[in-house]
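Here's the structure we're looking at; comments come further down.
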Amino acid sequence: MTPAEATFDTAAFRKVLGRFPTGVTIITAGTSEGPVGMAVNSFASVSLEPPLILFCAAHSSTTWPGIRDAGAFSVNILGRGDEALCRRFAGKDVDRFADVAHRHGATGAPVLDGVAAHLDCRIEALHEAGDHVIVVGRVESIAAEDDVEPLVFHAGAYRWLHIDD
Ligand SMILES: Cc1cc2nc3c(=O)[nH]c(=O)nc-3n(C[C@H](O)[C@H](O)[C@H](O)COP(=O)(O)O)c2cc1C
């Protein structure tokens, strides 16, 4: 059966997807050429037993091959104060790790100081999906700060959730 043609264009598709508010993460890895990282909002939980998560990496990403070859990565979940960090890790032609304090997590992947939470993962499976690859990670180590308001991405803008309890 021939796949149905989409009845909308990419711009309309992006606009609709943007109506779904997400958190924002920076996926990092340690490579032989130093630490690498990229801003990612396609992060999602997959399984509790075993502990699995996923994110989607664009085939066009120049950072993804380094993460794939490292075989392990850290998901750094961003808080309200991390908007500039996120912009930096989405930007081109910048030294993304300049002055960014970090330590090595359980898998060796960089964990950025001050993030709301992080998950250290090894690549469990890769699934090709259109112009992205779905990366499934098995979680080896986790940590979270208390009372950090999350950074939220919605309709192309950075926002945050005020926690009032
Ligand atoms: C809020 C936000 C979310 C993003 N989410 C993803 C994502 O889920 N997957 C992805 O491949 N790129 C995502 N990007 C784009 C990457 O951060 C990066 O800009 C892109 O991969 C180009 O850089 P690179 O060549 O170093 O990979 C996102 C960017 C922003 C600002």
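The values are calculated or read from the model by the stated rules, or taken from the named source; none is laboratory data. All figures in this text were calculated on a predicted structure; none of them were measured in a lab. As a convention, Cβ positions derive from the backbone with ideal geometry for all residues, glycine included, and neighbour counts pool all protein chains shown. Heads up: the accessible areas ignore ligands, DNA and RNA and are worked out on the full protein's heavy atoms, side chains in. Shrake-Rupley method; radii C 1.70, N 1.55, O 1.52, S 1.80 Å.
Listed values, structure above:
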read-out	value
Whole-Hz couplings from phi, Karplus 6.51/-1.76/1.60, listed for the stretch 69-85; x for Gly and Pro	5, 5, x, 8, 7, 10, 9, 9, 8, 8, x, 3, x, 9, 4, 5, 4
Dipole magnitude (debye, nearest 20) for the stretch 31-109, charges at Cβ of Lys, Arg, Asp, Glu	120 debye
Solvent-accessible area per residue, Å², over the chain with all protein chains present [probe radius 1.4 Å]	61 Å²
Longest DSSP-loop-exposure-free segment, GluC sites (Glu not before Pro), the chain, at most 12 other Cβ within 10 Å	34-144
Contact order normalised by residue count of the stretch 28-117, Cα under 8 Å, 6+ apart, percent	34 percent
Leading residue at positive end of dipole, the chain (Cβ point charges), from 139, 106, 24	24
Accessible surface of the stretch 23-147, 1.4 Å probe, proportion on carbon and sulfur as whole %	50 percent
Approximate spin-label separation residue 61-residue 145, in nm, with each point projected 7 Å along Cα-to-Cβ	2.3 nm
Helix-only [θ]222 nm of the chain, DSSP H runs n ≥ 4, -39500 (n - 2.57) each, per residue, nearest 500	-3500 deg cm²/dmol
Principal axis dimensions, the stretch 97-165 - Cα atoms, whole angstrom, descending	39, 32, 30
Between the stretch 1-67 and the stretch 94-112, the Cα center-to-center distance that results, in Å	20 Å
Evaluated over the stretch 1-155, the Cα radius of gyration and Dmax, each in Å	15.9, 53
For the chain: relative contact order, % (alpha-carbon pairs under 8 angstrom, 6 or more apart)	26 percent
Length-normalised contact order for the stretch 70-123 - Cα pairs under 8 Å, 6+ apart - percent	55 percent
GNM flexibility winner over the chain from 45, 61, 32 (Cα, springs under 10 Å)	32
